[in-house]
Amino acid sequence: VPFMQYSEVRELREQLYRAYMTKCTKNNEHNNFEVCRKLVNLRMELAQLLGYPDYATYVLKNRMAQTPEKVYELLDNLKAHYLEAGKKDVAAVEQLAKELQGDDFCLEPWDFAHYSHLLQLRDYNLDAEMLRPYLELSQVTSGVFGLATTLYGITFEENQTIPVYHPDVKAYEVRDVDGSFLAILYTDFFPRSSKQNGAWMTSYQEEYIDQEGEHRPHVSVTMNFTKPTKNTPSLLTFDELETFLHEFGHALHGIFAKTRYSSLSGTNVYWDFVELPSQFMENYASRPEFLHTFAKHYQTGEDMPQALIDRIHKAHNFNAAYACMRQVSFGILDMAYYTLKTPLSEDIREFEHKAWASVQLLPSLEEACMTVQFGHIMSGGYAAGYYSYKWAEVLDADAFSAFVERGLFSREVASDFRSTILSRGGTVHPQILYNKFRGKPATIDAMLVRDGLQPQVKE
């Protein structure tokens, strides 16, 4: 991603893009075409043996969406509102490229990230590296923990007597507003040779109640932030701040659990509901009121300049429509495979190109194929579930709008969110929980406002 953004050498961007987008398509032992066909067909066969017409119908019986029709209703709704705006996002990037390279320049997929980055620099004077000095990890940690304290009254105290599995890991006792013990939270921030990439939340012990009483959870948030050097502390990008808030949201889902059975505790909820608490927390990242609480220069101690905070806030929905349509295209491809009612015999590449043709915003390479490297829908648990990201985003935008309406740090709204959403786990159908919190089902309206596609209605 950084190479595609920053490299000025178009030929090398093209070479890298073509190599990446043709992984697992070569005529060798790593070719995945038949592997994917077999996965799709076996899942269809499994569903039909159990009496369902297709795999999506089988899977969705235990999701908020419940039916393929509801999933398509969401995807079609997003397409109706975001497709034209997404085309405008791409047109703006292409216009800048033509200004820089000449009117005969044709924007290709390997150009988009580079010129999009330049457009953001031009229009918002914003680059990830500008923010790093103000996002020192210990300060960010204080800010994220402090946000939970402000919202819920809970506190975090490091306890160095608690055993940890690596010297980089810290353990915190989490206590409720009344001082009672809530959970142990472990933070594991830095890469090491024995650790996989990415970021995640883990529950080492779920909350549950048995004859011995209540057992409180032990959870961790795990990242791969840049490790401090002798001269420089760990400095985060804005995306990494969002990642921290995301995984911390999952952690709060575990920390606040108040159920009887561990199998229904914390994050053990429907797949298209589990990302609500995490994505909800991301909303605070670009809010000036939150950034003011911790964003200080690691050398001078000066607050992040208001002008820079304003640029972050203004740029937050930059290319939002393009990004939405990219996710919608993945959801449409996923559903195309798993609503099949007869075995897939078509060429995988051709099937893919036809499935998402109506929502592709950039030219596609004939030889490119996403399916054969798309671990999420083929092997990662998101088969007939990739829509979940957008489903949860609709929920998180709608939920956050309750705070926008009644106070960004409202303890009253936070208490409702905790009691109706965060503490109930999978003990109640999530639609019932959500309706109880908001008093109504979520719509995409709040997401449209947040993404700048619809003006906020002031009452």
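Between the labelled values (i) 23.0, 75; (ii) 26.0, 87; (iii) 23.3, 80, the entry that holds Rg and Dmax of the Cα atoms in Å as derived from this structure is (i). In the structure shown, the pairs Lys195/Lys436; Lys23/Lys61; Lys26/Lys354; Lys354/Lys390; Lys258/Lys296 are assessed against 31 Å; a Cα-Cα span above that value is assigned to Lys195/Lys436; Lys23/Lys61; Lys258/Lys296. Using C-alpha pairs under 8 Å with a sequence gap of at least 6, the mean separation divided by the residue count of the range 266-331 gives a relative contact order of 21 percent.
Answer rounded, prolate or oblate for the range 83-237, using the Cα gyration tensor with square roots of eigenvalues a ≥ b ≥ c: rounded when a/c is under 1.5, else prolate when a/b is larger than b/c, else oblate. Since a/c reaches 1.5 and a/b is larger than b/c, the shape of the range 83-237 is classed as prolate.
For the range 147-244, chymotrypsin sites (Phe, Trp or Tyr not before Pro) meeting the loop criterion (DSSP other than H, G, I, E, B) and having at most 13 other Cβ atoms within 10 Å: Tyr165.
Counting only residues at least eight positions apart within a chain, or on another chain, the aspartates and glutamates with an alpha carbon under 12 Å from that of Lys170 are Glu157, Glu158, Asp188. Looking at the chain alone, DSSP beta bridges between its own residues are antiparallel in about 80 percent of cases. Summed over qualifying helices (DSSP H, 4 residues or more, each -39500 (n - 2.57)) and divided by its residue number, the chain shows a 222 nm mean residue ellipticity of -15000 deg cm²/dmol. The alpha carbons of the range 204-350 stretch over 64, 57, 32 Å along the principal axes, in descending order. Across all Cα atoms of the range 282-322, the radius of gyration (one decimal) and Dmax (whole number) stand at 11.6, 38 Å. Restricting the trypsin sites (Lys or Arg not before Pro) of the range 292-370 to loop positions (DSSP other than H, G, I, E, B) with no more than 12 neighbouring Cβ atoms within 10 Å leaves Lys341.
Taking 8 Å as the Cα distance limit and 6 or more residues as the minimum spacing, I'd like the relative contact order of the range 216-349 as a percentage.
17
When His215, His376 are compared by accessible area at a 1.4 angstrom probe, the order from most to least is His376, His215.
Pull out a ≥ b ≥ c, the square roots of the eigenvalues of the alpha-carbon gyration tensor of the range 83-126, then state rounded if a/c is under 1.5, prolate if not and a/b is larger than b/c, and oblate in the remaining case. It comes out oblate by the Cα gyration axes.
For the chain, the solvent-accessible area works out to 47 Å² per residue, with a probe of 1.4 Å and every protein chain left in place.
Size descriptors for the range 337-459 (Cα atoms only): Rg and Dmax, in that order, 19.5, 56 Å.
The alpha carbons of the range 154-198 give a radius of gyration and a Dmax of 12.7, 41 Å, in that order. In the range 1-137, the inverse of the mean reciprocal separation of distinct Cα atoms equals 19.4 Å; this is its Kirkwood hydrodynamic radius.
Overall, the accessible surface of the chain at a probe of 1.4 angstrom is composed of carbon and sulfur to the extent of 51 percent.
Applying a length cut-off of 30 Å (Cα extent along the axis) and a mean Kyte-Doolittle floor of -1.0 to the DSSP H helices of the chain leaves 68-101.
The values are calculated or read from the model by the stated rules, or taken from the named source; none is laboratory data. Quick caveat, the model's predicted, so the values are computed rather than measured. Heads up, the Cβs are rebuilt from the backbone with ideal geometry, glycines too, and the neighbour counts pull from every protein chain shown. SASA here: full protein model, heavy atoms, side chains in, ligands and nucleic acids out. Shrake-Rupley method; radii C 1.70, N 1.55, O 1.52, S 1.80 Å.
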